[in-house]
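Rule-based calculations on the coordinates, nothing more; no lab input. The model shown is predicted, which means the values in this text are computed figures rather than measured ones. Here Cβ is always computed from backbone atoms with ideal geometry, including for glycine, and neighbour counts include all displayed protein chains.
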Amino acid sequence: MVLSDADANSLIIVGAGGFGMMAALVAAGNEISVLLLEKPDKPGGSTAFSSRGIRAAGSRFRRVLDIEYSPEQYARDILGRNSNENDL
């Protein structure tokens, strides 16, 4: 299989939940061509059912509240919830 420059700068994201949409926005902002796929008619995934917000490290809300929570701490917390058996 031969990859073109277009293939090297393209991304397919399966799932238009909060994180899928965020990944699509970041990729598009970095001039990567994005195809975002979602099974239901409306995007949102399980994020639509979230009542306590979306966890994130280094957000402006954490900075305003002076809460230190680095990306490394966030990764450790997420990995720890699944006995460090996540696929990264």
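Numbers at a glance
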read-out	value
Long-range amide H partners of Ile13 with built H, under 5 Å	Leu35, Leu36, Leu37
Förster radius 35 Å - calculated FRET efficiency between Ala28 and Val64, Cβ distance, rounded to 0.05	0.85
Theoretical FRET efficiency, 1/(1+(r/R0)^6), r = Cβ-Cβ of Ala56 and Ala8, R0 30 Å, to 0.05	0.55
Residues Leu25, Leu36, Leu11, sorted so that the one with the fewest Cβ neighbours within 10 Å comes first	Leu25, Leu11, Leu36
